[in-house]
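Remarks on the structure that follows.
The values are calculated or read from the model by the stated rules, or taken from the named source; none is laboratory data. Quantities reported herein were computed from a predicted structural model and do not represent experimental measurements. Counting neighbours? That spans all protein chains shown, and the Cβs are built from the backbone with ideal geometry, glycine included.
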Amino acid sequence: MSKPHVVSAQSEPAMAVEETQPARVVEQLQLDEEGRNGVISSLPRVDGGWGAWSYLATATALETLVWGMANSYGVYLDHYTILYSTSTGLLPIIGTVAMGIMYLLMSPLSLYLTTYPLQRKITMWIGLVVMFSGFIGAAFASSAAGLVVTQGVLYGIGGTLLYCPTTNYMFEWWLNKRGLASGIMLSGTGAGGLVMPLISNALLQKYGKRTTLLSIGISYTILIALLIPFIKPRLPIPSSSSSSSRRPRPKVNWGFMRRSAFWLLWAGVLFQGFAAFMPVTYLPSYATALSLSPTIGTLTIALMNLARVPGQVIIGHLADKMSPRKLILLMAIASGISVFAGWGAAKNVGGLVGFSLAFGAFAGSYTALFSRFIAILNRDDPHLPAILYSLFFLARGIGSIASGPLSSALMSHNSSLDGAKGAYGVGEFGVLIIWTGTGMIMSGVGAGYKSYKVD
């Protein structure tokens, strides 16, 4: 194999070769490393078998719980707006802070756990304690600021400590079918986002904030405690005689950061993150502005997450089979149309249902592309996939954090489009819709990446 060099973005044949090569190279490097320890014969198979599928089932269940609650915040926002009517400026930040922290902390935590792999399991147990503390604190919080700290910051930190070690193992168990496996795992976000808004809304309506958060917090703690023992590595973790249980820091090739391909793909994720969280946060409030019942607002979030379940699996499978350039453009254009034409025209239940399903299927499934982004950038470094995955999560986290104050600014009275047609003229939602649709279109910038050429 000759030394790689950059070719034009239009070189699809070169791209096709490059995008299937890294998995084989990384697999061989893993086998070489394992062979030196004489353990090849005892390793479970990749891309299938009991070990791979049982890991994937457990990881999907954990994904469902951790991200399902975070993606249900729109229901809580509608309830909190009445409960804390004097602090409405802080309320939209709570949900975006929780998700933003989970995205932002992925990069440093992933690098740490790559260096200290024996710390992965204890990290998950610590995360469970922190998450439970967030639920308890939020249940007894008496102000919006208290909810930012508990339901926002503590939940976000706990979720990261639980989720990050789980994703690290994905790159050990799945190689050539990683897109499909990632899509299945990420579909848990949609499944949780389907169920949790319904559960949360029912509990909030009947029992109020405190009982709702206490009951969900206790249930989560029990369920996750049962799942953690089943999150296991495929590769043996080298033991160490030192008390710190550390191994030498892996030599990661950071050369990918000098490639325009990385920054274009990263920018696409960032643009998508600036806009993707707006509908999840504001659809219940938008339904209220249309004088629809709170149940309709909850239904829109549930349907959006329902569409993500098959969307993540299908997009993940397609990412293993077809050009990611085409998928990036498809997702960007379809997501943008769903916002401009779907949300922009939705002034009744039918319109909201149609928009929720379309946006969930396309924009909600965008993260299923991350596994293929990694294949574009990684050629022969077995430590790099987890780090790249976390860096794309970092971009999404920046967008999530920024979307809180951005949405508050966009929803100000000064940005109202009074008299505009369709949803654009409903309250202050017009500019928010334009921003969301533009962000979706801009996420297509990643399609301009250039590929390595492999002879």
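For this structure, a couple of remarks:
- Any hit, region 74-82, residues being in a helix (DSSP H, G or I) and either among the polar types (S, T, N, Q) or in contact with a Phe, Trp or Tyr (Cβ under 6 Å, 6 or more places away or on another chain) (or both): yes
- The listed residue being of a type in the set (A, V, I, L, M) and surrounded by fewer than 19 Cβ atoms within 10 Å (Cβ to Cβ), out of LEU111, LEU105, LEU91: LEU111
- Within region 26-34, one or more residues are crowded, with 16+ Cβ neighbours inside 10 Å, within 28 Å of the chain's Cα centre (by Cα) and either modelled with pLDDT under 85 or on the phi > 0 side of the Ramachandran plot (or both).
- Subset of region 197-216 (residues that are within 25 Å of the chain's Cα centre (by Cα), buried (at least 21 other Cβ atoms within 10 Å of the Cβ), of a type outside the set (S, T, N, Q) and at pLDDT 90 or above): LEU213
- Output for region 91-116, where each listed residue is modelled with pLDDT of 85 or more and not in a helix (DSSP H, G or I): LEU105
- Test: residue in region 246-264 that is part of a helix (DSSP H, G or I), crowded, with 17+ Cβ neighbours inside 10 Å, at pLDDT 85 or above and in contact with a Gly (Cβ under 8 Å, 6 or more places away or on another chain): yes
- Selection of helices (runs of 4 or more DSSP H) fully inside region 318-386 by the criterion of at least 2 residues being surrounded by fewer than 21 Cβ atoms within 10 Å (Cβ to Cβ) returns 324-337, 349-362.
- Counting only residues that are over 21 Å from GLY192 (Cα atoms), aliphatic (A, V, I, L, M) and either in contact with a Ser or Thr (Cβ under 7 Å, 6 or more places away or on another chain) or outside any helix (DSSP H, G or I) (or both), region 117-169 holds 3 of them.
- When restricted to residues that are out of contact with any Gly (no Cβ under 6 Å at 6 or more places or on another chain) and under 20 Å from ALA261 (Cβ atoms), region 319-371 contains 12.
- Evaluated against (1) under 30 Å from ASP380 (Cβ atoms); (2) modelled with pLDDT of 90 or more, LEU162 falls short on exactly one condition, (1).
- Neighbours by Cβ (under 6 Å, 6+ apart or cross-chain): first from region 180-206, closer than 17 Å to LEU77 by Cβ; second in a helix (DSSP H, G or I) and of a type outside the set (A, V, I, L, M, F, W, C): GLY193/GLY68; GLY193/ASN305; MET196/GLY68; PRO197/THR298; ASN201/THR298; LEU203/THR212; LEU204/HIS79; LEU204/THR212
- For region 341-359, the count of residues that are free of Cβ contacts under 8 Å to residues at least 60 places away in the same chain, within 19 Å of the chain's Cα centre (by Cα) and closer than 21 Å to TRP435 by Cβ is nonzero.
- Unmet requirement for PHE373, which otherwise passes all of (1) in contact (Cβ under 8 Å) with a residue 40 or more places away in the chain; (2) within 25 Å of LEU299 (Cα to Cα): (2)
- Looking only at region 413-455, and only at residues there that are modelled with pLDDT of 75 or more and hydroxyl-bearing (Ser, Thr, Tyr), the one that is surrounded by the fewest Cβ atoms within 10 Å (Cβ to Cβ): THR438
- Some residue of region 230-243 being closer than 18 Å to ALA61 by Cβ, modelled with pLDDT of 85 or more, surrounded by 13 or more Cβ atoms within 10 Å (Cβ to Cβ) and aromatic (Phe, Trp, Tyr): yes
- Of the residues making up region 292-340, just one is closer than 17 Å to THR436 by Cβ and of a type in the set (Lys, Arg), namely ARG308.
- Verdict on THR86 being part of a helix (DSSP H, G or I) and modelled with pLDDT of 80 or more: no
- Being buried (at least 24 other Cβ atoms within 10 Å of the Cβ), farther than 23 Å from SER285 by Cβ and not hydroxyl-bearing (Ser, Thr, Tyr) is true of ILE315.
Conditions tested, residue by residue: (1) without any contact (Cβ under 8 Å) to a residue 40 or more places away in the chain; (2) surrounded by fewer than 23 Cβ atoms within 10 Å (Cβ to Cβ).
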position	(1), (2)
ALA145	no, yes
VAL148	no, yes
LEU154	yes, yes
TRP174	no, no
LYS177	no, yes
